[in-house]
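Data block below; observations after.
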Amino acid sequence: MSHSCCSTSPVARAHLDEGLSAGATGVEPAHHARGVQVGERADLLVVGRISTGDPSLPSAEAMAVSGGQIIGIGTKADMDALVGPSTTTISPDGVVIPGLVDPHMHIWTSLLSLTWTDMSHERCPKFDDVLALVKAEAQKAAPGQAVLGKHFDPILYPGEPVLTRDMLDQVAPDNPVLVMNSSGHFFYGNSAMFAAANVTDATPDPPGGVFGRTDGRLNGTIGEAPAQLAMISALPKPTQQDIVAGIGQILNTAARRGVTSVRESATGALAGVGEYALLHQLNGAARLPVRVSTAQFSVVDGKTPAQVAADWAAAGVTPFSGDEMVRADAWKVITDGSNQGRSGYFMQPYMGEVAGGKANWTPEGMHEVLGIGLDAGWQLMVHTNGDAAIEFALTAAEDLLPKYPGDLRHRFEHVSFATDDQLRRMAAAGVSPSFLMNHVYFWGAAFRDTILGPERANRLDRLKSAYDAGLRPSIHSDFDVTDIDPLLAARTGVQRRLKADGSVLNPAECVTPEQALAAITTHAAWQIHADDRGTLAVGKLADFAVASDDPWSSDPDGWPEIEISETYLGGTPAYQA
Ligand SMILES: [Zn+2]
């Protein structure tokens, strides 16, 4: 788990540039489904235990599919009239459920450390476990091969020391070691890593970056992108093949959790239009295992947001363009940082600090960047983490949105610490929230005890209040901030249990199982403009997963253990375990 989707962008860009620039240039949608007709007879009949997610018909025995669409669902006898000589019947071994939707995840920035070793609190419950893992990895590595770790989160080891060069030298004296802090803002390196990067005690700090020193000697901390770049440039760069393999790995990991649609939430942050073009190129070569909706990133170094918007338009990437597999839908703007990284923007200071963070924009700049997206016709997708960030973006949105009528379904992301007033005003303005629900599970105790205090921590991820305000909230992973695991996140929506101590964070915000499941299916689909997905019903796409149990009729406690054996897109296999 890392904290922030974009703090590592310059580092990721420098590491991935060669592989990405070798990618596609022109946007060429594959249109796999073009010319496929929906007929009166089924080409596919799915027979078995079907859980539809549709309250008007929660379960069914059979589902008829033609041309990728559901043309009938109900009892087996109901489907008889839809079966013809060319109908193929399948009886999946498990419960057929609607494909799940992750409405906010990241492909590109996640590629930076995709192959790095997971050194999360989840895997290393004690600080010493981190060092033991580095040691084990170093012993496995070839001479000189770097040991690379990610998701190390010192916030979750209160009272423990900072990871130092000397500690890392002790467990890995011969191999370079680089461990990324889950905030993305820091690396920790050993002596061999500094040597590989030609950084010595005498090396000056680059502007904006810091090589931490104790009494003039490098202590192992490498802070912020300019210093991190010196380290990353000493590592071998991923080839285009590596990048393509990584994209496949990410999408298959999503499918393994029952996901059939995602929103890539910062498309173009590293390589501009080429990222979107590459998705189409890959999908043209072999249909992707998951449908991808993209949010075009509004910020590129050295360009104004207006120039960025013009670049997308010049490449033909306009709102809702693409095809049934890869479609451009939104304009992404980031208001503030990460709350667990203490860079979210709050009205009151962080515990132990005098300030509550800041916004990435001036009020005028925010107004302008949102207006540029709206002028181009995009759905707004605005990252707002702290309560002041929500206020900041909402103020601009309240002024702008009345001038842009239409069913664009604008979204605020994370909306981690909203007030009652803000939720009410979001509903009035036509802005729906998407919550990183497992903030509660993984960091709830840290927010309560060390970052924000109990009163503000209770306001974390107010899914119930969002429903009560008349909003259509969704739940997302923000992968690789958390793993793509919608059923675990939905369980957190129901239980609000903290991983650290098992306690419940503000039970008043717990939702019903049905509400939690809607947030990873129908509402998430609605938010990515995919009204043809989210339930299994006539007229919807036959996007479904085969699960070991039915979330709609089983205890939420067991949802994370539900296994997915297969997924289908438009009635054809997309993933097999
Ligand atoms: Zn994100």
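The values are calculated or read from the model by the stated rules, or taken from the named source; none is laboratory data. These numbers come from a predicted model, not from an experiment. As a convention, Cβ positions derive from the backbone with ideal geometry for all residues, glycine included, and neighbour counts pool all protein chains shown. Ligands, DNA and RNA are excluded from the accessible area calculation, which covers all protein heavy atoms including side chains. Shrake-Rupley method; radii C 1.70, N 1.55, O 1.52, S 1.80 Å.
Tabulated data for the structure shown
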quantity	calculated
Residues located in region 253-288, provided they are open to solvent by 20 Å² or more (accessible area, probe 1.4 Å), more than 23 Å from Pro226 (Cα to Cα) and in a loop (DSSP other than H, G, I, E, B)	Arg257, Ala286, Arg287
Hits in region 492-518 (condition: part of a loop (DSSP other than H, G, I, E, B) and not basic (Lys, Arg))	Leu498, Ala500, Asp501, Gly502, Ser503, Leu505, Asn506, Cys510, Val511, Thr512
Residue satisfying all of: in region 88-147; among the β-branched types (Val, Ile, Thr) and buried (at least 24 other Cβ atoms within 10 Å of the Cβ); nearest to the ligand (Cβ to nearest atom) among these	Thr109
Positions within region 295-347 being surrounded by 16 or more Cβ atoms within 10 Å (Cβ to Cβ), of a type in the set (S, T, N, Q) and under 25 Å from Phe392 (Cβ atoms), in sequence order	Gln296, Ser298, Thr335, Ser338, Asn339, Gln340, Ser343
Which numbered condition Ala445 fails, given (1) open to solvent by 10 Å² or more (accessible area, probe 1.4 Å); (2) under 19 Å from the mean Cα position of the chain (by Cα); (3) closer than 22 Å to Pro507 by Cα	(2)
Qualifying positions in region 233-259 - within 26 Å of Trp312 (Cα to Cα) and either touching an Asp or Glu at 6+ places or on another chain (Cβ under 7 Å) or within 16 Å of the ligand (Cβ to nearest atom) (or both)	Ile250
Filter pass, Asp483 being closer than 18 Å to Glu561 by Cα, open to solvent by 20 Å² or more (accessible area, probe 1.4 Å), of a type outside the set (Gly, Ala, Ser) and in a loop (DSSP other than H, G, I, E, B)	yes
Condition met for Ser503 (small (Gly, Ala, Ser), closer than 30 Å to Asn181 by Cβ, out of contact with any Gly (no Cβ under 6 Å at 6 or more places or on another chain) and within 16 Å of the ligand (Cβ to nearest atom))	no
Test: residue in region 328-350 that is more than 29 Å from Ala277 (Cβ to Cβ), at pLDDT 95 or above and aliphatic (A, V, I, L, M)	yes
Residue count for region 395-425, restricted to those that are within 16 Å of the ligand (Cβ to nearest atom) and of a type in the set (Ser, Thr, Tyr)	1
Residues that are touching a Pro at 6+ places or on another chain (Cβ under 8 Å) and open to solvent by less than 10 Å² (accessible area, probe 1.4 Å), drawn from region 379-395	Gln379
Qualifying positions in region 540-561 - aliphatic (A, V, I, L, M) and touching a helix residue (DSSP H, G or I) at 6+ places or on another chain (Cβ under 6 Å)	none
Residue match in region 495-504 (condition: at pLDDT 95 or above and within 18 Å of Arg257 (Cα to Cα))	no
Residues that are under 13 Å from Phe435 (Cα atoms) and within 16 Å of the ligand (Cβ to nearest atom), drawn from region 476-500	His476, Ser477, Asp478, Phe479, Val481, Thr482, Pro486, Ala489
Considering residues of region 450-465 that are open to solvent by 10 Å² or more (accessible area, probe 1.4 Å) and over 19 Å from Gly357 (Cβ atoms) only, the residue farthest from the chain's Cα centre (by Cα)	Pro454
Residues of region 549-577 classified as of a type in the set (S, T, N, Q) and under 23 Å from Val38 (Cα atoms), total	2
